[in-house]
Each structure stands twice: as structure tokens, then as C-alpha cells.
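Asks: Questions regarding the structure given below will be posed in turn.
What follows draws every value from the coordinates through simple rules; no lab data is involved. Every value quoted in this text rests on a predicted model; they were computed, and no experiment measured them. Counting neighbours? That spans all protein chains shown, and the Cβs are built from the backbone with ideal geometry, glycine included.
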Amino acid sequence: MTKINVTKTYLPSQDVYQSYLNTLWENTWLTNRGKLVIELEQKLTKNYGLNSIILTNNGTVPIQIALKLFGNLGEIITTPFSYVATTASILWENCKPVFVDIHPEYLTIDEAKIENAITDKTTAILATHVYGNPCHVEAIEVIAKKHNLKVIYDAAHCFGVTYKGRSLFNYGDVSTCSFHATKLFHTAEGGAMFCNNEDIYKQLFYSHNFGHNGPLEFHGLGINAKMSELQAAMGLSMLPEMDYVIEERKKVVDYYNTNFTSVDAIQLLKIREETEWNNSYYPILFKDEKTLLRIEQKLNENNVVPRRYFYPSLNKIKYVNSTQDMPVSQSIACRILCLPLYVGLTEKELELITKTIIAAI
Ligand SMILES: *Cc1c(COP(=O)(O)O)cnc(C)c1O
């Protein structure tokens, strides 16, 4: 029996992909902002109403670029509940993560606790719209303005999400996305950064191409974060299929919701009001870790492989060396399990998953 994993990479039409590769062969141009990268930027901007976009080689380097520009080796207010890339980027840029606990239902950084964590060394806030669920962006903006801080959003999970009718990528001084193969929209490896300000755009743009400002001139320090034409070809092939992808994923989410909503022992993710969500992940919360481990084992016995996203709470990773205690995040990280969610899950498979969980709870 084949395994039902937490996710399965969606592959677009091979013919469409091949046709993009043909243009690549004709152009003999593989990277350095070729036609396909520019075409993908334009289509994403138009289809999703983006203020701006710079495509990148993955979803981690853009976080590092934003922190290089705004972190200034200072303290970065951040969430303990995210993928490790969020915290690791802060340490990589020689800044100090200062964790602020999360909201127990939305699972995003608890905006009410941010101001307490600000010191004269704080330079920026780096928060994650976890599972594509928006942070309280208005409250965070007010705090940032008041204390003269920059706001960076790790929006790795947010492809296609709108908040109050606008793309979630348009919020914050900089926001970043991942187009990794396991994400909703992908270019195998890849990502993007977004901003709303011409000056920041220029700084991001120079930074992602070695700081070049013309062939012989440099605006400043930079790195190589460019997306290649091969990656863009994958993205362009995925793009026409995204409505279908999100639609199919929604069916899976609806199935789970129908089966779990009335189960008191399971807590579901609360999506923030006025959000059009993208069905990117399906996390469920159990009452304790023991229950989670028992259910995970039962699922594994049935060839179902969910994932403990996100575990551990990032303040608990050894090399982070944090002395902070994050009771909500630590509790959630021990009790949360992401269920399989991808295009092509059959009703029979979904029935197996939900029945196994409900029987074992
Ligand atoms: C996937 C992910 C990243 C990293 O993206 P890559 O493209 O793999 O570098 C960063 N943050 C979060 C929250 C993620 O889920």
C-alpha cells in the first residue's frame, strides 16, 4: 500500500512545461532575469493584485535579505511558532530573536504582547502568517509606527490569501513567500519578496543580485538570490492550474471540517475574520501530546503519515539558546498535527484518515 503523506507535490501539464522549456532553448538564456522570470512576475502581479514582486531562489534568503536591510544586528521580535527558517534567518543575520507568544486560536504572534518585548535594541518585527492565517496586521502596524520598527512578514504559506480584499503579500514593509515543492504554488525551489515602497523595492532588488547597480557598479552589499528560468518555467506551468488546485484542496478541507467540527476533543484552526484563505494546511489540535502520539501511531499503522508542524516551539531549539518561556506556543507545538492535504486524495483515503482519528481519540 502506498503511503498517504502529509503533502504531495502537484505537477502541472508536462506539455505546457515543455513548451516553456522550448522558449528557454530558443533564447539560450537560463538565468539573470530572463524572459520567463519577468513573465512570471508580471502574471503574478496581475492575477493577485500585488504592489510589487521580486522572484527569488527560495523562501529563506528573502527573509535574510530583509533582516540584512532592517535588522541592524539588533533584537527582532518574532514568533516561536513557525518553521525553523524564521528563527534561523534571524540568527544567521547576527540578530537576536526575542520571542513573543502566540494567540491560542489564530496561532499567530499575539499582538497584545508585542509592546512588552520592545527595548531600545529592537529594530524589527518578523512574524509568520502561520498556515496562511493572517497576523493582526493593523495592530502590528500601529505598534511598529509608534516605535519606529520595520515589519517583515514570513508569508511562506500565503499564496493566494487575501485579507480585507487585498493580497496578504501587500502587508508589512517586506513580506516573503516560499515556492518550495511542498508549498501550494511551487517552482520546485523558489520564492519571492514583496514590498510597497519604491525605495525598499530598489534595495531588495539590488540585494538579490550581488548589489549590482549596472554591470560595473554596486549599490551596496548583495547576495545571489535570483530565480532561474527553469524555476520560472515550472511556475508559469503551475499558474493556470492554481484555481483548480485550491478548489480541490478546499474539497478536502470541507471533508475534514464536516467530520471534525462536532468532535469536542479536536480543536480546529480559527481563520482570522475577513480572510479569504488558501486551504494550505490542515492542522488539528488534541488535548495533550499523549493523545497526539497515540493517534499519530494509529495513522502510521494505516500508512497515513501526518506531520508535526510545527514542532518544537522555536524557543526550545538548542542552538537558539533562548531562556524565554512561551507557554502557549510550547503547549500548541506538542499537540498539533497537520493532516494530509493535497490534490488527488480520494474519498476512501479521507474516510480512512478521519475514521482512524475519531476511533482512537
Ligand atoms: C517553507 C517555509 C520557509 C522556507 O522556505 P524555503 O523556500 O524552503 O526556503 C520559511 N518559512 C516558513 C514558515 C516556511 O513554511
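Asks: Can you pull out the helices (runs of 4 or more DSSP H) entirely within the range 205-317 that have at least 1 residues that are farther than 30 Å from K43 by Cβ?
Replies: Because the criterion is at least 1 residues that are farther than 30 Å from K43 by Cβ, the helices (runs of 4 or more DSSP H) in the range 205-317 that meet it are 242-260, 289-301.
Asks: When the range 162-183 is examined, which residues are found to be away from the ligand (no atom under 11 Å from the Cβ) and either within 17 Å of V37 (Cβ to Cβ) or not in a strand (DSSP E or B) (or both)?
Replies: If the condition is that a residue be away from the ligand (no atom under 11 Å from the Cβ) and either within 17 Å of V37 (Cβ to Cβ) or not in a strand (DSSP E or B) (or both), then K164, G165, L168, F169, N170, Y171, G172, D173 are the ones that fit.
Asks: Still on this structure, I have one more. Yes or no: E41 over 30 Å from K298 (Cβ atoms), of a type in the set (D, E) and under 23 Å from the mean Cα position of the chain (by Cα)?
Replies: yes
Asks: While we're here: Can you confirm whether the range 148-159 contains a residue that is without any contact (Cβ under 8 Å) to a residue 24 or more places away in the chain and either away from the ligand (no atom under 16 Å from the Cβ) or in contact with a helix residue (DSSP H, G or I) (Cβ under 8 Å, 6 or more places away or on another chain) (or both)?
Replies: Yes, the range 148-159 contains a residue that is without any contact (Cβ under 8 Å) to a residue 24 or more places away in the chain and either away from the ligand (no atom under 16 Å from the Cβ) or in contact with a helix residue (DSSP H, G or I) (Cβ under 8 Å, 6 or more places away or on another chain) (or both).
Asks: Name the residue, out of L292, L314, that is surrounded by 13 or more Cβ atoms within 10 Å (Cβ to Cβ), within 16 Å of the ligand (Cβ to nearest atom) and closer than 30 Å to F99 by Cα.
Replies: Going through L292, L314 in turn, the sole match is L314.
Asks: Here is a further query. Where the second residue is polar (S, T, N, Q) and part of a helix (DSSP H, G or I) and the first is over 20 Å from A181 (Cβ atoms) and more than 16 Å from the ligand (Cβ to nearest atom) and lies in the range 38-63, which pairs have Cβ atoms under 9 Å and are six or more apart or on separate chains?
Replies: Partner pairs satisfying both residue conditions: G49/N170; L50/N170; N51/T45; N51/N170; S52/T45; S52/N170.
Asks: Residues of the range 93-136 being in a strand (DSSP E or B) and either on the phi > 0 side of the Ramachandran plot or among the charged types (D, E, K, R) (or both), which ones?
Replies: Once the filter is applied, which keeps residues that are in a strand (DSSP E or B) and either on the phi > 0 side of the Ramachandran plot or among the charged types (D, E, K, R) (or both), the range 93-136 yields only K96.
Asks: Of all residues being farther than 12 Å from I76 by Cβ and in contact (Cβ under 8 Å) with a residue 40 or more places away in the chain in the range 109-128, which is nearest to the chain's Cα centre (by Cα)? Just the residue, please.
Replies: T128
Asks: So H136 clears everything in (1) surrounded by fewer than 23 Cβ atoms within 10 Å (Cβ to Cβ); (2) under 25 Å from F179 (Cβ atoms) except one condition, right? Which one?
Replies: (2)
Asks: Being of a type in the set (S, T, Y), in contact with a helix residue (DSSP H, G or I) (Cβ under 6 Å, 6 or more places away or on another chain) and within 20 Å of F260 (Cβ to Cβ) is the filter here, so list the residues in the range 312-361 that pass it.
Replies: Within the range 312-361, T354, T356 meet the criteria.
Asks: Just checking, does the range 8-25 include any residue being within 18 Å of E189 (Cα to Cα), surrounded by 23 or more Cβ atoms within 10 Å (Cβ to Cβ) and within 16 Å of the ligand (Cβ to nearest atom)?
Replies: Within the range 8-25 (the criterion being within 18 Å of E189 (Cα to Cα), surrounded by 23 or more Cβ atoms within 10 Å (Cβ to Cβ) and within 16 Å of the ligand (Cβ to nearest atom)), the answer is no, since none of the residues qualifies.
Asks: Please specify each residue of the range 179-213 satisfying the condition of being of a type in the set (S, T, Y), within 26 Å of S237 (Cβ to Cβ) and buried (at least 23 other Cβ atoms within 10 Å of the Cβ).
Replies: Within the range 179-213, just T187 meets the criteria.
Asks: Filter the range 164-220 for residues that are among the aliphatic types (A, V, I, L, M), under 18 Å from G71 (Cβ atoms) and touching a Ser or Thr at 6+ places or on another chain (Cβ under 7 Å) and give the result.
Replies: Across the range 164-220, the qualifying residue is only M193.
Asks: Now a separate question. Would a scan of the range 95-104 turn up a residue that is buried (at least 21 other Cβ atoms within 10 Å of the Cβ), within 18 Å of G235 (Cβ to Cβ) and in contact with a strand residue (DSSP E or B) (Cβ under 6 Å, 6 or more places away or on another chain)?
Replies: For the range 95-104, residues buried (at least 21 other Cβ atoms within 10 Å of the Cβ), within 18 Å of G235 (Cβ to Cβ) and in contact with a strand residue (DSSP E or B) (Cβ under 6 Å, 6 or more places away or on another chain): absent.
Asks: For the range 4-91, please list each of the helices (runs of 4 or more DSSP H) lying entirely inside it that holds at least 2 residues being closer than 27 Å to Y153 by Cα.
Replies: Here the list reads 35-48, 61-70.
Asks: Got a number for residues in the range 30-55 being in contact with a Lys or Arg (Cβ under 7 Å, 6 or more places away or on another chain) and on the phi < 0 side of the Ramachandran plot?
Replies: So the count comes out to 1.
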